[in-house]
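The values are calculated or read from the model by the stated rules, or taken from the named source; none is laboratory data. All values derive from a computational prediction rather than experimental measurement. Cβ placement follows ideal geometry from the backbone for every residue including glycine, while neighbour counts extend to all protein chains displayed. Each accessible area value is taken on the protein alone, full model and side chains, heavy atoms only, with ligands, DNA and RNA left out. Shrake-Rupley method; radii C 1.70, N 1.55, O 1.52, S 1.80 Å.
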Amino acid sequence: MKFADNRKAIKIISISILSLLAVMTFALIPINIFCADFPEWVTVLLSVLFCGGLVAYLIIFKTKLVTKIVLPIVFGFVAIICSFLPYMIPYWNSYAFKRYNGVMLNYDEVISYKAAKEDFNALKKHLERTHPMFKNGLTEEIKTAYNAALERLQDKDKITVNDLRREIQSVLHLMGDAHTSTYNSYLGDAYLKAIPQKQSQGYDVAAINGKTVKQIYEDAKPYYCYETENIITIDLGSLATLDFLGYSEPFTYTWSDGDNEVVETYAASDFVSWDEYEKIHNQYYTPSEPKDFVYYDIDEQKNLAVLTLTECIYNQTYIDCVKAMFTEVTQKNIQSVAVDLRGNGGGNSLVGNEFIKYLPVDSYYDCPCDWRLGFYEFHSSPEKISNNQYKNLLFDGNVYILTDYDSFSAAMDFAMMIQDNNLGKVVGEPPANAVNSYGDITYFYLPNTGLYVQISTKKWYRIDSTNPDEYVMPDYPCDSKDCFEKLYKVIGG
């Protein structure tokens, strides 16, 4: 009797341990996404362990038939999920949802070739498992560029973090994907303290060390990721950026106000931390009251409401602001609504969907895409989606979207959604990225340097596949600064 009781206790303990191990293995998936990094094979190994333990349990202990059927199904399902999801989730070991606390070297710190190669290989692994372009492995062009970049690094007597980043960018540039890139996020960067004073006097940088700004941008193209050259922005006052572009002290700046030129030479000591730079900046400019990322104005005289959206953030603030605008539009019988997306760098494309809820259409087309999920690719077709309208606030007047060369990503999607569904007109300049482009990024830091890199997980396609334009071409083209002048002429007839 005692032996039977002991056997029963061991049986209960055994299945409890196996169940706990299965639960812990499954829990590692959200732990990785939100808390800590570890290899994919960890969950595979633990899945094998608890499945192997279950087999041993069923062989050693006498169990009911239903138990022999149910337990393998449950454990097998958990094992499959835990074995495959880590290889499919684009956010595995990423920092899209967790804070990075690892190493972060400054741009001028020296690293070994071994460390540089390890970081390059880490980037290569992320690209191969995450980016839609490489679902069948790296292309021959990228492989060749990757190997050439490693050879150049190996030939260097000294490798700095910026040297590594420059070679990485020379590879990523070839992808033609403005969303996939490394960034200058160095904590030890410094900024030219003379800039606020010069700008307050009406001067802008015209040349550095004898090279015009136009030539600097031209030389920088092979190291930047873009779909249209208009999106390239270079901080000409950043010491890390100057080093990245191959400039070293002394730095001779040519300043121009359009009529006069001033030439001044600076040393590295003339560059200060960001906090110090802001203090200097505030000596010449009165800090303006910060505005929300979204706000609206109504011009009753012009019968126009303008929603200004500087970032595509989909939250309650945005939802409430759009509702407040359309409430006032309805009350005042405003006939034209414009959304100002100039300078908007993107974010969440749901801002466009929320806006359309106020338009009198029962359904509309959203952007189709291919979503890279490791070895699997999910394709969404351009099917019509139902419009969950706010029926008491529907607006049947004229809709206009204002864009410029800096309207990027979700801001471009917003404009395309309105244009391709014939819901309104676009005014201004073509947005910064192509309609058939990559996006929905995930974030990583390279292990030895802490270089920040973002990588696309989706390939987006134009809603109106019959439109041959590579970009959202404005219905009423004009310079960015002239958008409202053009808009007033349009709504004025």
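Contour minus end-to-end for Phe38 and Thr327, with contour as 0.36 nm per residue of separation and end-to-end as the Cα-Cα distance? All intermediate terms of the calculation are to be shown ahead of the outcome.
Numbers: separation 289, 0.36 × 289 = 104.04 nm, distance 5.01 nm.
Difference between extended and current length: 99.0 nm.
Loop-only check: which GluC sites (Glu not before Pro) in the stretch 240-337 are DSSP coil with at most 13 other Cβ within 10 angstrom?
Numbers: sites: Glu261, Glu264, Glu276, Glu278, Glu300, Glu311, Glu328; in loops: Glu300, Glu311.
Passing sites in the stretch 240-337 are Glu300.
Reachable lysines from Lys62, Cα under 28 Å, same-chain residues fewer than 8 places away excluded?
Reachable lysines: Lys2, Lys8, Lys11.
Using a 7 Å offset from the Cα along the Cα-to-Cβ direction at both Val70 and Lys489, what is the distance between the two label points in nm, to one decimal?
7.6 nm
So which trypsin sites (Lys or Arg not before Pro) in the stretch 53-89 end up in coil per DSSP with only 11 or fewer other C-beta atoms within 10 Å? Working shown, then result.
Values: sites: Lys62, Lys64, Lys68; in loops: Lys62, Lys64.
Counting only loop positions with at most 11 other Cβ atoms within 10 Å, the trypsin sites (Lys or Arg not before Pro) in the stretch 53-89 are Lys62, Lys64.
Helix-only estimate, please: 222 nm mean residue ellipticity of the chain, summing -39500 (n - 2.57) across DSSP H runs of length 4 or more and dividing by its residues, to the nearest 500. Let's see the in-between values first.
Working: 14 runs with 197 residues, N = 493.
Mean residue ellipticity, 222 nm, calculated: -13000 deg cm²/dmol.
Once the convex hull of the alpha carbons of the stretch 171-268 is built, what does its volume come to per residue, in cubic angstrom? Please report the intermediate quantities before stating the final value.
Working: hull volume 10.9 nm³, N = 98.
Cα-based convex hull of the stretch 171-268, divided per residue, equals 111 Å³.
Taking amide H positions as placed in the peptide plane 1.01 Å from N, state which residues far from Gly176 in sequence (5 or more) or on other chains have amide H under 5 Å from it.
Sorted by chain and number, the residues that satisfy this are Tyr226.
Quick one: if the Förster radius is 45 Å, what FRET efficiency do Asn467 and Gln201 give, using the C-beta to C-beta distance and rounding to 0.05?
Details: r = 47 Å, r/R0 = 1.04.
Computed FRET efficiency for Asn467 and Gln201: 0.45.
Under unit Cβ charges (Lys, Arg +1; Asp, Glu -1), what dipole magnitude, rounded to 20 debye, does the stretch 297-393 have relative to its Cα centre? The partial results should precede the final answer.
Values: 8 positive and 13 negative charges, 32 e Å.
Rounded to the nearest 20 debye, it is 160 debye.
Provide the per-residue ³J(HN,Hα) series for the stretch 169-176, in order, calculated from phi with Karplus coefficients 6.51, -1.76, 1.60 and θ = phi - 60°, each as a whole number of Hz, with x at glycine and proline positions.
Result, rounded to whole Hz: 5, 5, 7, 5, 3, 5, 6, x.
Let a ≥ b ≥ c be the square roots of the eigenvalues of the Cα gyration tensor of the chain; is it rounded (a/c under 1.5), or, if not, prolate (a/b larger than b/c) or oblate?
Oblate.
Pop out the ³J(HN,Hα) list for the stretch 412-426 in order, Karplus 6.51 cos²θ - 1.76 cosθ + 1.60 with θ = phi - 60°, rounded to Hz; leave Gly and Pro as x.
With the stated coefficients, the stretch 412-426 comes to 5, 4, 4, 4, 5, 4, 5, 5, 6, 9, 6, 9, x, 10, 9 Hz.
With every protein chain left in place, what is the accessible area per residue of the chain in square angstrom, probe 1.4 Å? Write out the running numbers ahead of the final one.
Values: 24730 Å² over 493 residues.
That works out to 50 Å² for each residue.
Hey, could you pull the Cα Rg and Dmax for the stretch 349-450, both in Å?
Calculated on Cα positions, Rg and Dmax stand at 16.5, 57 Å.
If you find the alpha carbon centre of the stretch 124-154 and of the stretch 30-76, how far apart are they in angstrom?
Using only Cα atoms, the two centres lie 36 Å from each other.
Output the Cα-based Rg and Dmax of the stretch 66-205 in Å, rounding Rg to one decimal and Dmax to a whole number.
Cα-based Rg and Dmax for the stretch 66-205 come out at 21.8, 84 Å.
Is there a pair in Lys135/Lys458; Lys117/Lys143; Lys302/Lys489; Lys221/Lys481 whose C-alpha atoms are over 19 Å apart, and which pairs would that be?
Working: Lys135/Lys458 11 Å; Lys117/Lys143 14 Å; Lys302/Lys489 10 Å; Lys221/Lys481 26 Å.
Those over the limit are Lys221/Lys481.
Can you find, among Asn348, Ala116, Asn32, the residue farthest towards the positive end of the dipole of the chain? Put +1 on the C-beta of Lys and Arg, -1 on that of Asp and Glu.
Asn32
For the stretch 317-374 and the stretch 208-248, what is the centre-to-centre distance using only Cα atoms, to the nearest Å?
Centre-to-centre distance over Cα atoms comes out at 35 Å.
Give the residue list of trypsin sites (Lys or Arg not before Pro) in the stretch 73-155 that are DSSP loop and have at most 12 other beta-carbon atoms within 10 angstrom. Working shown, then result.
On the way: sites: Lys98, Arg99, Lys114, Lys117, Lys124, Lys125, Arg129, Lys135, Lys143, Arg152; in loops: Lys98, Arg99, Lys135.
For trypsin sites (Lys or Arg not before Pro) across the stretch 73-155 that sit outside H, G, I, E and B with at most 12 neighbouring Cβ atoms in 10 Å, the list reads Arg99.
Relative to the Cα centre, what is the charge dipole magnitude of the stretch 11-144, using +1 at the beta carbon of each Lys and Arg, -1 at the beta carbon of each Asp and Glu, and rounding to the nearest 20 debye? Provide the component values of the computation, followed by the final result.
Values: 13 positive and 9 negative charges, 162 e Å.
The dipole of the stretch 11-144 has a size of about 780 debye.
Taking θ as phi - 60°, what are the ³J(HN,Hα) couplings along the stretch 265-275 by the Karplus curve (6.51, -1.76, 1.60), each to the nearest whole Hz, with x for Gly and Pro?
10, 10, 9, 4, 5, 8, 9, 10, 5, 4, 4
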